[in-house]
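Asker: Below you will find the structure I want to go over with you.
Only the coordinates and a few stated rules stand behind these numbers; no lab work does. Treat the numbers as computed from the prediction; the structure is a model and nothing was measured. Glycine gets a Cβ as well: all are built from the backbone with ideal geometry, and neighbour counts include every protein chain shown.
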Amino acid sequence: MAIKDMYYTVSEAAKELDTSRQTIYRWIANNKIPIEKIGGVVLVEKKAVDEYAADRFTKAMMGMYDRLAFDALRQQVGYTDKDHIERVDNEGENLIFLVTHEDGTKEKVSVGNSELSIAGTATQPLMKMKFSDITRKDYTQSSRKRKKRKPKS
C-alpha cells in the first residue's frame, strides 16, 4: 500500500475536515491526531481524519436532534423561551429532559414515541418532531449532601 493511500498532508487533512492548517497543527501539538514525519514532511493518518470527521458528524446530528426535541417539547407542552430545557438521559425508548422554569421550579419530563417528519423545499428543508407520550413530574434534587467516604487504608 502506498504512503498516499494511508496519509494526508496537513493541507489535505485541513481541506478534508473543512478547517485551517493552523487548527491541524494545533491538534498535532496537543496529540489529538497521530502523525508521521517522513523526510521532514508531516503526514496525518487518513484513518484518524476519517474517524474524526465521522465523530464530528455524529455530534452535529445529535445536536440537531436535541434542538428538534427541545422545540417539539416547547410547542407541545407550552414552555416559553424563559424555560431552560436540558437533555438528561435516555431511558429505553424515551428521552428524559430536565426543565427549569422562570420561577425556579423544576420538572422532569419523559417523552417517547417520537415521530420525525421532513418536509419543505430543496432550499429550505423543514424538520419537525412530535411526541405522543409525555410524562411530567415535579423534580427536586435532594438537598442532603452525601457523606464523604473514608479512604481505605
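Asker: Could you give the angle, 0 to 90 degrees to the nearest 10, between helix 46-77's Cα long axis and the longest principal axis of the Cα atoms of the chain?
Answerer: 20
Asker: For the stretch 39-96, which chymotrypsin sites (Phe, Trp or Tyr not before Pro) pass both filters: DSSP loop (anything but H, G, I, E, B) and at most 16 other C-beta atoms within 10 Å? Each step should come with its number before you reach the end.
Answerer: Details: sites: TYR52, PHE57, TYR65, PHE70, TYR79; in loops: TYR79.
When the chymotrypsin sites (Phe, Trp or Tyr not before Pro) of the stretch 39-96 are filtered for loop state and at most 16 Cβ neighbours within 10 Å, nothing remains.
Asker: Taking amide hydrogens as modeled 1.01 Å from N in the peptide plane, which residues meet the under 5 Å criterion relative to TYR7, leaving out close sequence neighbours?
Answerer: LYS46
Asker: How much length, in nm to one decimal, is gained on full extension between MET127 and THR100, taken as 0.36 nm per residue of separation minus their Cα-Cα distance?
Answerer: 7.2 nm
Asker: Please work out whether the chain counts as rounded, prolate or oblate from its C-alpha gyration tensor, where a ≥ b ≥ c are the square roots of the eigenvalues and a/c under 1.5 means rounded, while otherwise a/b larger than b/c means prolate and anything else oblate?
Answerer: oblate
Asker: Go ahead and estimate [θ] at 222 nm for the chain from helices alone: -39,500 (n - 2.57) per DSSP H run with n ≥ 4, summed, over the residue count, rounded to 500. Could you put the intermediate results ahead of the total?
Answerer: Details: 4 runs with 52 residues, N = 153.
My calculation for the chain gives -11000 deg cm²/dmol from helical runs alone.
Asker: Given a Förster radius of 41 Å and the C-beta distance between LYS47 and THR135 as r, what FRET efficiency does 1/(1 + (r/R0)^6) yield to the nearest 0.05?
Answerer: The formula returns an efficiency of 0.40 here.
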